[in-house]
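Here's the structure, in structure tokens; my notes come after.
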Amino acid sequence: MKPRVAFFDFSSCEGCQLQIADLEEEILDLIEIVDVVSFREVMKEHSDEYDIAIVEGSIMRPMDEHRLRKIRSRAKTLIALGACATIGGVNKIRNQWPTEEVIKEVYKDADIKDNEFFNVYPTKAVNEVVPVDYYIHGCPITRDEFKKVITALALGKKPEIPNYPVCVECKKNENVCLFELGKFCLGPITRAGCGAICPSKGSPCDGCRGILSKPDVECVMELLERYDLTYEEMKSRCMMYNTESFNPKDGMTIVRRGRK
Amino acid sequence: MKKTKDIRIITKNEFKNFVNNMIKDEYYNVIGVKEKGIKYVFDSLENADDLRLDYDVTILPPKKYFLPQYEKMMDFNLRESFNVKKDNSIKPMILLGVHPYDIIAIQQTDKLYLDAQKDDFYKKRRDNIIIIGVDIQKISPKSFAGSMKTHVTDFGFDLMITNLEDKYAITIGSEKGRTLLEKHGKTKSADSTDVKKIREIRKKILSQYTRELKVPKEEWSNVLAANYNHPIWEKRSQKCMECSSCTMVCPTCYCYDVVDDVSLDLKEGSRIRTWDGCLIRDFTKIGSGEVFRDDISKRYRHRFYRKGNYLPERYGFVACVGCGRCGTACLPNIADPCDVINDLSHFERSEDTSRFFIKQKSKVDEKGVIHVPRSATIKRAEKLTENEMFFEIELDDHKKLGHKPGQFVEVSIFGVGEAPISVSSGSSSKLSFDLVVRRVGNVTSRLFKMKPGDKIGIRGPFGNGFDVKNFEKKHLLLSSGGLGIAPMRSLIQYVLDPNNRKKYKDITILYGAKQPNALLFLDEVKEWSKVHNVKCEITVDECAESDCWTGCTGLITTLYPKIKLDRYDSENTIAVIIGPPVVYKYIIKCLETLGIQDGNIYVSLERRMKCGVGKCGHCQINGVYVCKEGPVFNYNQIKDLPEAFE
Amino acid sequence: MNKDIEIGIEHVTRVEGHGNIVLNVKKGKIEKVQWQISEAPRFFEAMLRGRNYYELRTITSRICGICSIGHSLASLKATEDALNVSISEQTGILRRLAINGENMQSHILHVGYLALPDLLDVKSVFPLVGSKHNDSLLKVVKLHRLSNEMSDLICGRTTHPITLVVGGFSSIPSKKQLLKLKKNLEEGLETVKQLAQVIHSVIDKLPNFKRETEYIGLTSKKEYAFYDGDIASTDTGIFQKYKDYKEIMKEYFVPQSTALHAKHNRDSYMVGALARYNLNSEQLHKEAKNTADLLNLKPICYNPYMNNIAQLVEFVHNIEDSIIQIDKLIKNGIKDEKPADVKIKQGRGVGIIEVPRGILVHDYTLNEKGKCTKANCIIPTNQNHANIQKDMEALVPGILNETKEKIELTLEMLVRAYDPCISCSTHYLNVKFV
């Protein structure tokens, strides 16, 4: 029996699901190997029985958490789709400030007090609410990676995502390193898997697939000086998609792998 | 009389025509050096005007044409039980504008890829690519090719161009080059002034290098041999970002990984190899998740040792051509070999340069096609424990595997991947061979679900196997820990075979596992005990009451005091140990107590064996390829290798 | 007529974002008809707080997956307005191509995957596969792919563009690539004309509903306005003080919606393809005008269900326009231009652009360090929510006699006709950061 797949979205721009809708003819190949039982954005049918749940978006309210837990309980496998789901993405930027402050600034004196729709707390990635089995990173995801993960699951194997930085793919593309053009790129500390698409088009990597490792502070300081950037600016860039990777107090808190 | 190379002269205009003629020639793809923003790259040439022979260095070396970043090796069809087709087609190519240091790097790569186990993808490309070199006109600021003496070369090219300002000199390096030049270019003979000018220009190139090595490359091996534990490795690697850019841009780096790419409809796919780098943490990771070179300072150090000591010991050349690409690519500026070796220049040197290497005694047979798996069928599949399964496999061409005890095969499941598994049966008259698989990763988990009649791919046998000739007329003490019994079984079956038993004296088989339900082949152990002068002792680390275990309990080390050896016996006993990394230390101590010398102890080590033929680079223990010089090692040879028993 | 009807459609399907339709009728009397937005607020203002001017377009593109190019461009226009950065003619042409690509991509996605199933009586696009409509589906797929390829080429990536930066582009397509695109566009033009014939054959399925409405959009003397223009209203005419857009677009909060509503001359107004058509139909290119004729679209059209027809007409126009723009680029010669220089200064800038769903405004204030201290955005779908509500209120009495399923379908089709982009529309407010 083909695995039954259902798509869900929470707080997101739905751009990741759009990448899947954009598979176009390949959607026909997709539905040969899986049964899409729920995909609100493109179809009316919905079923509460599925094996694989694919979740896009971050969790911001108790009502969303409740819905997510239901989904987790029904699915054997849960895949977090896109940066908002895997690491919080841009949705976490506001976590730098207390939620009450942000709400007050945005909604001022509007009467939202007992309104369930507005009952928000600091943004959470999906794995901060329920266990996640696989991650498809990126803002947005790349179609190739989605296909790789789905075919791996359909073949009964664990999908393998790169555990090395964007530089590997950027060098394989033979790009002119953006650092040599005076731009500060987060490629060296960001997880690969996107084919280094942004640096390949002249735009520095912003870390949307998740920061892989904490770089040596002395090295970073040297680089910042060489490229005329302040520590604050770099931190701000890193915090675009990876806000809570950086503890405001001590700077960088991700533990480095392979270092004693 | 020394044969001087034939040199032709061509005007600048005629050279342009030569290039355009080659471009128009539909037989070839012409690749030349072009601008890419502020840098240079090798790329398809559409017009001679785009060619920039005055470049300093390209972002990536021409290795990308011999060993592409992504190279499809074979296509497989998943609708059938075994259907694979090799794909190494390539349209003939002309590489125009290769610098001497890159030409020398290609020569080095030849030694590795065109050895006894030729890589036929590399060979096909090598045979179909014409190399037109060019003498360096502009020096890259980070290059130290002058000190490395790689700034000029007399061989390795089909044609070599030198800019004589108002004209070009073209040195003919091969018949292929001559034919090409005669076909598309109008040239005349060079006279003695031209020849003299070429020599002057090459001398002048050398003087333009600003960077200098304080240690000539012939002595790098000595410097590195003495400074393995120098604080420089820890200190410099502190800043390393583990981005592996250094290995990606290096002309002498050629480690690769292999992945299976499957179409979305699951009907077909391709096996693809892609560049890998030893700076990446997962480079040495095996199915169970263990990483053998975890610490970044060790990975950082490894790269320099491979270039400056391991490969020189193996092939006689320093695997660095001073191109300066890694120095340019490295953001924290720690990758430059010139800086590193200069920093070490005033420290000790050592004559013992081969301490990280094991010279192979036996010659390796050419294995024919080394990448494409052969079709094999599962004849028997039995679950031994919760996580271990036994398979009897027969090759579909009805030939024997032809393996030696201690060798391994690469088991291939298209779409999933490959895994190295030790052969578990002795070589005998049987057509089939046995494998014992522990379910740890994707391939082994898939194997677990397979049944008799299913097909898999087999590559190999690989590895050196046990040196059974050396074991003759000796007592044998065979110790297996845990799953080590699986490869040990191949040796046991071999020595207990009625045709072979007489060659060996007393045989003692010791076997320990964690719990009773982890023990394998208990029935066979009983049979082994029945053979003449064979003693078997089994123990488990611990057992629960419910296990109903009536045998020994205790670590395997508790079995050794039971063995009594007089001096004659201890000098004439060969001990073999196969088990998880943790047991070696302890068992070797026990063997020492028994008086068995290091030279009589053999171990079988596991690393990440991927290609099985010493090319992909993943299985290295210092300068040793576990898939070629191992997996069986004489303890005396390997005990001083720092990475062996960490 | 004394029925009790209770309709609660949670999370309307085949629209972007989460919206609910509620209809309560007791004994033939309408107690409640509501269009509710339940999408979680995303606090984009908080995300822009204190950000450098060059980061704004990256973050605002994440407001929406479908119109991310539009948001980036509006953001860039606002930033460049604040910093007094002028862009080159080539950049202007490339940006027009970018907007054309996005408009095409969004419209064909909507008309083909989201609205067409209703016209062909199926629940989604999947049943069309292998059916008698398979050919039409393939045409939609082909056109969608063409639009995506165009956006990929110009912007680096369709969703969350890469190459659109302050002052220009980080990477420029080559002549070879543009010529190939032009050829594909010419083929695409033929394909969409065939698709229009198919729509023509089922066009009677569209409800014939009419409610006099105000339409607001950009207008320009030079072209059918997308990238540049002045704000215009079918009621009140052209408004040139673009920085005072709030005089036209008056937003207000309603409790059943986490998104704001908007009004101008009446209780509500409509933006989007139909609005643009009603304002600028004379400036459509030739084939687009022919398509409008074929599908019975005439200005001024007050039937919101015809918005999807207007989208198809605009698609045709975008293809014709793109061919013209590419010809211009080739004629001028494509230059490898670096983005224009930026001198950081304090200032306020407003960028107004037409995205597929309607007129979009980004309004930024930057401090002397080039960091954002104040941000406001007016999203097209926000401006439509009130109109959807009013349309529903006017529509429901006329369909109360139908079956429950038919009422549900008609209401859903109404929402889909607007092609709302709900996740964009939530949370936009005027914010000042201290």
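Kindly establish whether A:C170 is within 14 Å of chain C (Cβ to nearest Cβ), assigned to a helix (DSSP H, G or I) and buried (at least 19 other Cβ atoms within 10 Å of the Cβ).
yes
Sort through C:A78, C:A74, C:A115 and tell me the only one that's hydrophobic (A, V, I, L, M, F, W, C), modelled with pLDDT under 95 and under 24 Å from the mean Cα position of the chain (by Cα).
Exactly one of C:A78, C:A74, C:A115 is hydrophobic (A, V, I, L, M, F, W, C), modelled with pLDDT under 95 and under 24 Å from the mean Cα position of the chain (by Cα), namely C:A115.
Residue under question is C:L73, and the condition is that it be closer than 29 Å to C:V12 by Cβ, surrounded by 24 or more Cβ atoms within 10 Å (Cβ to Cβ) and more than 8 Å from chain A (Cβ to nearest Cβ); does it hold?
Yes.
Quick one: count up the residues across segment C:397-422 that are over 30 Å from C:I63 (Cα atoms) and not basic (K, R).
Just the residues of segment C:397-422 that are over 30 Å from C:I63 (Cα atoms), to begin with: C:397-407.
From the residues that got through so far, the ones that are not basic (K, R) too are C:397-403, C:405, C:407.
Number satisfying all stated conditions: 9.
Quick check on my filter: what residues within segment C:118-142 are at the interface with another protein chain (Cβ under 9 Å from one of its Cβ atoms), surrounded by 17 or more Cβ atoms within 10 Å (Cβ to Cβ) and part of a loop (DSSP other than H, G, I, E, B)?
C:V125
Could you tell me whether any residue of segment B:367-386 is surrounded by fewer than 23 Cβ atoms within 10 Å (Cβ to Cβ), under 24 Å from B:C250 (Cα atoms) and without any contact (Cβ under 8 Å) to a residue 60 or more places away in the chain?
Checked segment B:367-386: no residue is surrounded by fewer than 23 Cβ atoms within 10 Å (Cβ to Cβ), under 24 Å from B:C250 (Cα atoms) and without any contact (Cβ under 8 Å) to a residue 60 or more places away in the chain.
So C:V316 fits all but one of (1) under 16 Å from C:Q383 (Cα atoms); (2) modelled with pLDDT of 95 or more; (3) not hydroxyl-bearing (S, T, Y); what number is the exception?
Going through (1) under 16 Å from C:Q383 (Cα atoms); (2) modelled with pLDDT of 95 or more; (3) not hydroxyl-bearing (S, T, Y) one by one, C:V316 breaks only (1).
One line per residue, one yes/no per condition, for (1) part of a strand (DSSP E or B); (2) touching a residue at least 60 places away in the same chain (Cβ under 8 Å):
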site: B:I10; (1), (2): yes, yes
site: B:F15; (1), (2): no, yes
site: B:E26; (1), (2): no, no
site: B:Y55; (1), (2): no, yes
site: B:K64; (1), (2): no, no
site: B:M74; (1), (2): yes, yes
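Conditions tested, residue by residue: (1) on the phi > 0 side of the Ramachandran plot; (2) away from chain A (no Cβ under 14 Å); (3) surrounded by 21 or more Cβ atoms within 10 Å (Cβ to Cβ).
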site: B:G415; (1), (2), (3): yes, no, yes
site: B:V443; (1), (2), (3): no, no, yes
site: B:G453; (1), (2), (3): yes, yes, no
site: B:I458; (1), (2), (3): no, yes, yes
site: B:D467; (1), (2), (3): no, yes, no
site: B:G481; (1), (2), (3): no, yes, yes
site: B:I485; (1), (2), (3): no, yes, yes
site: B:R489; (1), (2), (3): no, yes, yes
site: B:Q493; (1), (2), (3): no, yes, no
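Give the residues of segment A:32-60 that are within 7 Å of chain C (Cβ to nearest Cβ), crowded, with 19+ Cβ neighbours inside 10 Å and more than 16 Å from the chain's Cα centre (by Cα), sorted by residue number.
A:R40, A:E41, A:V42, A:M43
Can you run down the residue pairs with Cβ atoms below 6 Å, 6 or more apart or on separate chains, where the first is in segment B:438-457 and over 11 Å from A:G156 (Cα atoms) and the partner is of a type in the set (A, V, I, L, M, F, W, C) and surrounded by fewer than 17 Cβ atoms within 10 Å (Cβ to Cβ)?
Correct list of pairs: B:R439/B:F448.
In segment A:149-167, which residues are at the interface with chain B (Cβ under 7 Å from one of its Cβ atoms) and either within 19 Å of B:C240 (Cβ to Cβ) or in contact with a Cys (Cβ under 6 Å, 6 or more places away or on another chain) (or both)?
Answer for segment A:149-167, where residues must be at the interface with chain B (Cβ under 7 Å from one of its Cβ atoms) and either within 19 Å of B:C240 (Cβ to Cβ) or in contact with a Cys (Cβ under 6 Å, 6 or more places away or on another chain) (or both): A:N163, A:Y164, A:P165, A:C167.
Do we have B:E165 as of a type outside the set (G, A, S), at pLDDT below 95 and outside the structural domain of B:P62 (by TED's automatic domain parsing) here?
No: the conditions fail for B:E165.
Go through C:R96, C:R157, C:R145 for me and flag whichever is charged (D, E, K, R) and outside any helix (DSSP H, G or I).
Just a single option satisfies the conditions, and that option is C:R157.
If we keep just the residues of segment A:1-31 that are within 11 Å of chain C (Cβ to nearest Cβ) and assigned to a loop (DSSP other than H, G, I, E, B), which is nearest to the chain's Cα centre (by Cα)?
A:S12
The values are calculated or read from the model by the stated rules, or taken from the named source; none is laboratory data. Remember, predicted model here, so these are calculated numbers, not experimental data. Neighbour counts run over all protein chains shown; Cβ positions are idealised from the backbone, glycine included.
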